[in-house]
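Undergrad: Below you'll find the structure I mean.
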Amino acid sequence: MKSVAHGPSTFPVEVTNVSTHGFWLFVGERELFVAFKAFPWFKEASIQAITHVELPSPHHLYWPELDVDLAVESIEHPEKYPLVSQARSNQALQPTSRARRARSKSTKRSRAARG
């Protein structure tokens, strides 16, 4: 006897409110608060992106527009899941003044060589 493949299971999940501090999420029978301080990936996201959430399993949330996966437990107990990736400011990604001077000298030399 062959089993028929079932479609993707969908469990109830809904964003019910968004504030400047985070958003509330109903997962099944539970209401959870997702604080932007604990989950910074959502802070600059549009409301549309935040509310487009999927629950592929009872313990896993996915925001496809943001490419963010979270375990429900990480929302319930964020202290157990420290952030692995720390965002760097754009300033930290800029070349140092020494590197800018060296690049400037190199550009001037190559222009002079071209004539």
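The values are calculated or read from the model by the stated rules, or taken from the named source; none is laboratory data. Owing to the predicted nature of the structure, the values given are computational and were not obtained by experimental measurement. Neighbour counts run over all protein chains shown; Cβ positions are idealised from the backbone, glycine included.
Undergrad: Quickly run through the stretch 52-85 and pick out the residues that are part of a loop (DSSP other than H, G, I, E, B) and touching a Pro at 6+ places or on another chain (Cβ under 7 Å).
TA: HIS52
Undergrad: Taking the options ALA38, ALA49, name whichever one is part of a loop (DSSP other than H, G, I, E, B) and either modelled with pLDDT under 95 or closer than 17 Å to ASN17 by Cα (or both).
TA: Details: ALA49 fails: part of a loop (DSSP other than H, G, I, E, B).
One residue alone meets the criteria, ALA38.
Undergrad: Could you please find all residues in the stretch 55-98 being at pLDDT below 60 and aliphatic (A, V, I, L, M)?
TA: VAL84, ALA87, ALA92, LEU93
Undergrad: Step by step: first the residues of the stretch 22-68, then only those that are over 17 Å from the mean Cα position of the chain (by Cα) and not charged (D, E, K, R), then the one that is surrounded by the most Cβ atoms within 10 Å (Cβ to Cβ). Which residue is that?
TA: VAL27
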